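Worksheet for the structure shown next.
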Amino acid sequence: MPTPRKFPTLVVLLAAALLLALPVAAQASLTFVKGQLNRAVYVAKDDGSGARKIGPGDSPHMSPDGASVAYFHEGPGHSTELKLAPVAGGPAKTLMKGWREPFYLEFSPNGEQILALRGAELGKRKLVLITIAAGTQKVLASGFFSGFSFDPEGHQVVYAKASSESYPPRSDIFLVSAAGGKATALTKDHRSLDPLWGPTGKIAFVKQIDANKRRYGPKNEIYLMDEKGKGVKRLTHTNVDQLLLGLFPTAWSGDGKRLLTEFQGQDTSYAVGVNALTGAQKPIGPAGESGFVGTALSGNGKTVLGFEGGFDPGNKHTVVTRPFTGGKAKVLARNASEPDWSF
């Protein structure tokens, strides 16, 4: 066989490297959980094809570039571990031990850092910023947390924190630099939680209201404010029965016009689409105890990812997508739940 010339060989190698890199950039990635007693994390293309098992665990979170998935793993001695695995294949690495509330995790917009909670089984948590490449952990705050979020550039962090575990939580929202330092209180009403920073500088958050009118505690409504805690505006007006809580913000569309929320309460969790300009709201799919649980929103705001079968882990679940404006579900994975993607 004749020996190829160096230049064509270099071109071929560069082309091959480019082709290997294209699926991560051009093909969004999907992750989900299968199993009940022996739960395992899977990854696939965003249409559900090519599903592959990552390993035992649950609560997966896909990185913004679709190249890696973070998930909960029970280690030796029932230790609670935050694992990170490459979607393309290869061994997972442990980023942090003592991970708590694994449904709360957020990648920085560039995918280089992760926000998560660390602590003992009981007591206060630490809000930790993990730099993935270096494996370092930086504590940004300590207390009892109800949500956190990066700003669109990844330079600042908002979080909701209370000083005790009392219910309803006496929580306020704070702003801190991702580099660390002193935090600034954005609210001081002791009833604000679950902040979610949007692409246009608005922060959606929950305000607990009407506690004096309700038998079992306050209900949730979505409010908006800017990064300085100014311009506070009530966005939603929701009918919430006594044993239910109301809306929690889940994801913004890329243009800031649509907000995916989750209506929650006793034995209840289902996705609700909210017009971020008018506050108009509508369930994305079936509502109620066995409704459509929404977990993520496409960047263009047109497609909602989630699973059917309700919140109960004992139910039979199916990972699907649904149009934000309503419509037929598209099945991506059967006997699966807890999906996330990079779409």
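Right, residue 153: touching a residue at least 24 places away in the same chain (Cβ under 8 Å) and either closer than 23 Å to residue 339 by Cβ or outside any strand (DSSP E or B) (or both) or not? Full working, then the answer.
Values: touching a residue at least 24 places away in the same chain (Cβ under 8 Å): yes; either closer than 23 Å to residue 339 by Cβ or outside any strand (DSSP E or B) (or both): yes.
For residue 153, the condition - touching a residue at least 24 places away in the same chain (Cβ under 8 Å) and either closer than 23 Å to residue 339 by Cβ or outside any strand (DSSP E or B) (or both) - is met.
Considering every residue within region 42-49, establish whether at least one is surrounded by fewer than 15 Cβ atoms within 10 Å (Cβ to Cβ), farther than 25 Å from residue 147 by Cα and modelled with pLDDT of 95 or more.
The initial filter retains those residues of region 42-49 that are surrounded by fewer than 15 Cβ atoms within 10 Å (Cβ to Cβ), namely 47, 49.
Then keep just the ones that are farther than 25 Å from residue 147 by Cα; that gives 47, 49.
Remaining after also requiring modelled with pLDDT of 95 or more: 47, 49.
Yes, the conditions are met somewhere in region 42-49.
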Odd one out for residue 134, checked against (1) closer than 26 Å to residue 262 by Cβ; (2) more than 21 Å from the chain's Cα centre (by Cα); (3) surrounded by fewer than 16 Cβ atoms within 10 Å (Cβ to Cβ); (4) not hydroxyl-bearing (Ser, Thr, Tyr): (1)
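With respect to residue 240, is the statement that it is surrounded by 17 or more Cβ atoms within 10 Å (Cβ to Cβ), in contact with a strand residue (DSSP E or B) (Cβ under 7 Å, 6 or more places away or on another chain), of a type outside the set (Ser, Thr, Tyr) and part of a loop (DSSP other than H, G, I, E, B) true? Spell out how you get there, then give the answer.
On the way: surrounded by 17 or more Cβ atoms within 10 Å (Cβ to Cβ): yes; in contact with a strand residue (DSSP E or B) (Cβ under 7 Å, 6 or more places away or on another chain): yes; of a type outside the set (Ser, Thr, Tyr): yes; part of a loop (DSSP other than H, G, I, E, B): yes.
Yes; evaluated as a whole, the condition is true for this residue.
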The lone condition residue 165 fails out of (1) among the charged types (D, E, K, R); (2) under 20 Å from residue 226 (Cβ atoms); (3) part of a loop (DSSP other than H, G, I, E, B) is (2)
What pairs come out if I take residues in region 221-237 that are in a loop (DSSP other than H, G, I, E, B) and pair them with residues that are of a type in the set (Ser, Thr, Tyr) and modelled with pLDDT of 95 or more whose C-beta lies under 7 Å away, six or more apart or interchain? 229/187; 232/223; 235/223
Looking only at residues in region 288-324 that are touching a Gly at 6+ places or on another chain (Cβ under 9 Å), polar (S, T, N, Q) and modelled with pLDDT of 95 or more, which one is nearest to residue 254 (Cα to Cα)? 300
Do we have any residue at all in region 162-170 that's on the phi > 0 side of the Ramachandran plot and modelled with pLDDT of 95 or more? no
Go through (1) in contact with an Asp or Glu (Cβ under 9 Å, 6 or more places away or on another chain); (2) over 29 Å from residue 299 (Cα atoms) for residue 148 and report which single condition fails. (2)
Just checking: which of the strands (runs of 3 or more DSSP E) contained wholly in region 254-317 hold 3 or more residues that are small (Gly, Ala, Ser)? 268-275
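The values are calculated or read from the model by the stated rules, or taken from the named source; none is laboratory data. Keep in mind that this is a model prediction, so the values were computed, not measured. Reconstructed Cβ throughout: ideal geometry from the backbone, glycine too, with neighbour counts over all protein chains shown.
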